[in-house]
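The structure appears below as structure tokens.
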Amino acid sequence: MAHGVVVVGTGQAGFQLAASLREAGFAAPITLVGDEPGLPYQRPPLSKGFLQAKVDDAGLLLRPPAFYERIDVRVRGGTRVLSIDRMARQVALSGGAALPYDHLVLATGAAARTLAVPGADLQGVFVLRGLDDAQRIRARLAQASAVAVVGAGFIGLELAAVVRGMGLAMHVIDTAARPLARALSEPMARHLQAFHEAQGTRFHLSAQLAAIEGAHGHATGLRLREGSPVAADLVVVAVGVTPNDQLARDAGLRVGNGIEVDELLLTSDPAISALGDGASFPFAFGGGARVRIESVQNAVDQARCIAARLCGQPVPYAKVPWFWSEQGPCRLQMAGLAEPSDRSDIEGDPASGRFSVLRYRGDQLSAVESLNDPAAHMRARKALAPALAPA
Ligand SMILES: Cc1cc2nc3c(=O)[nH]c(=O)nc-3n(C[C@H](O)[C@H](O)[C@H](O)COP(=O)(O)OP(=O)(O)OC[C@H]3O[C@@H](n4cnc5c(N)ncnc54)[C@H](O)[C@@H]3O)c2cc1C
């Protein structure tokens with residue numbers, strides 16, 4: 001491998017791939033190319049400690065600069081991969097250079113979705129995906145008096161906990177009838193909603209956003225199709241992400257809801273792998289149905305899987321998905337993947353603030369949601385593992 005491995009994307013997945021390749025003894029060159037400036041960093045604190053200034057920019061870094069020198073990995077930050085020439089096995093970089101590869105890994109992640117409503121381009125309206133977004137929101141929070149989040153998902157609710165901790169007015173708007181409608185069971189979602197309401201967050205559910213209103217170019221609030229307007233001088237749009245799959249699409253790779261890979265995480269070109277938030281893969285537990293998972297665990301475990309294959313040890317990807325979210329004192333951990341129609345059984349006493357919801361498809365455990373109960377979460381991961389073991 002004279003040219004070695006080129007990785008597009010310097011996020012969690014790209015970083016882990018480089019680290020795991022070297023750990024496994026991979027000796028050929030490794031180059032990480034990412035359009036964000038600087039070194040790979042963690043996103044989870046961006047909606048938690050970073051906004052509270054408990055973590056600074058340096059504290060977000062996955063590893064210090066010396067790490068990349070030590071393991072001999074070149075990181076080309078601030079550089080976009082514009083296209084892939086699959087015949088010549090090289091990528092074209094912004095700035096004009098071409099970079100040849102023996103194996104290419106697409107760790108391109110996902111981008112925050114935006115809204116096509118009037119006023120979406122006003123000042124004071126943000127998304128929260130990258131460090132640059134979080135820096136802008138943090139600066140704005142220092143002057144804001146009322147915050148509205150469009151989207152009652154994990155990022156929206158994590159932000160709500162931070163904002164109420166600062167004593168600012170907080171509104172959460174969603175089209176669904178309850179928060180976290182796609183991601184969580186009804187009992188757990190309602191428990192979290194009650195927590196946020198007790199903290200002073202106001203929910204506007206089953207609500208349609210008509211426009212973001214403004215004065216002098218700056219957001220002043222939200223107009224809903226029905227109901228009273230919501231005053232807010234800082235608006236965060238947190239309505240999910242779209243996978244960054246255009247590069248793969250332009251190169252003629254198979255793309256659906258993200259870059260499609262097989263159980264070895266190979267794309268439709270055997271010289272190109274893909275992983276992380278931007279890739280969809282056959283999920284062993286779901287009978288092989290394609291899923292795209294947005295979590296640190298998924299990015300890390302898929303990177304390890306690809307690194308092992310590139311070092312001559314191919315193993316199909318079959319790991320229990322898990323995820324966490326921190327909302328004030330509520331530490332939620334999830335293992336497995338549930339369908340909205342899966343049954344929910346409560347274990348423990350929700351009134352104690354520490355309980356789990358076990359999800360079942362038929363008589364098969366599909367997922368476990370645990371609140372402030374790390375031991376239950378670890379038990380769940382063990383219990384779910386056999387269902388994912390390759391036959
Ligand atoms: C605010 C926030 C909070 C989160 N909290 C949690 C949490 O509590 N728990 C959890 O498990 N997960 C959490 N996540 C999700 C987790 O951070 C992601 O699942 C993870 O970062 C995915 O890593 P990735 O490398 O696949 O993608 P990304 O981190 O999106 O990295 C992809 C990188 O590729 C770059 N790129 C794309 N196209 C190109 C190109 N053509 N050329 C060069 N570079 C390119 C992108 O700019 C980006 O830098 C959170 C995410 C956010 C945004």
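The values are calculated or read from the model by the stated rules, or taken from the named source; none is laboratory data. These figures come from a predicted structure and were not determined experimentally. As a convention, Cβ positions derive from the backbone with ideal geometry for all residues, glycine included, and neighbour counts pool all protein chains shown. Side chains are part of the model used for accessible areas, which takes the heavy atoms of the whole protein and leaves out ligands, DNA and RNA. Shrake-Rupley method; radii C 1.70, N 1.55, O 1.52, S 1.80 Å.
Quick rundown of the values:
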quantity: Matching residues, region 264-286, being over 19 Å from GLY252 (Cα atoms) and either in contact (Cβ under 8 Å) with a residue 24 or more places away in the chain or more than 21 Å from the chain's Cα centre (by Cα) (or both); calculated: LEU264, GLY276, ASP277, PHE283, ALA284, PHE285, GLY286
quantity: Whichever residue in region 120-138 is within 12 Å of LEU234 (Cβ to Cβ) and in contact (Cβ under 8 Å) with a residue 40 or more places away in the chain and, among such residues, is nearest to the ligand (Cβ to nearest atom); calculated: LEU128
quantity: Residues that are charged (D, E, K, R), assigned by TED's automatic domain parsing to the domain that holds ARG182 and either surrounded by fewer than 20 Cβ atoms within 10 Å (Cβ to Cβ) or free of Cβ contacts under 8 Å to residues at least 12 places away in the same chain (or both), drawn from region 220-262; calculated: ARG223, ARG225, GLU226
quantity: Residues of region 90-119 classified as of a type in the set (Gly, Ala, Ser), within 14 Å of the ligand (Cβ to nearest atom) and part of a loop (DSSP other than H, G, I, E, B), total; calculated: 5
quantity: Members of region 176-193 found to be more than 18 Å from ALA351 (Cβ to Cβ) and either surrounded by 15 or more Cβ atoms within 10 Å (Cβ to Cβ) or touching a Phe, Trp or Tyr at 6+ places or on another chain (Cβ under 9 Å) (or both), listed by number; calculated: ALA176, ARG178, PRO179, LEU180, ALA181, ALA183, LEU184
quantity: Identity of the residue in region 18-52, over 29 Å from PRO314 (Cα atoms) and outside any loop (DSSP other than H, G, I, E, B), that ends up farthest from the ligand (Cβ to nearest atom); calculated: PRO45
quantity: Cβ pairs under 7 Å, 6+ apart, first in region 65-89 and within 14 Å of the ligand (Cβ to nearest atom) and open to solvent by less than 80 Å² (accessible area, probe 1.4 Å), second aromatic (Phe, Trp, Tyr) and not in a strand (DSSP E or B); calculated: VAL75/TYR68
quantity: Qualifying residue in region 194-202 (condition: within 25 Å of the chain's Cα centre (by Cα), within 29 Å of VAL291 (Cβ to Cβ), within 16 Å of the ligand (Cβ to nearest atom) and open to solvent by less than 40 Å² (accessible area, probe 1.4 Å)); calculated: no
quantity: Selection from region 313-329 of residues that are away from the ligand (no atom under 12 Å from the Cβ), crowded, with 17+ Cβ neighbours inside 10 Å and hydrophobic (A, V, I, L, M, F, W, C); calculated: ALA318, VAL320
quantity: Residue among GLN12, GLN52 that is open to solvent by 10 Å² or more (accessible area, probe 1.4 Å), at pLDDT below 95, closer than 30 Å to ALA139 by Cβ and of a type in the set (S, T, N, Q); calculated: GLN52
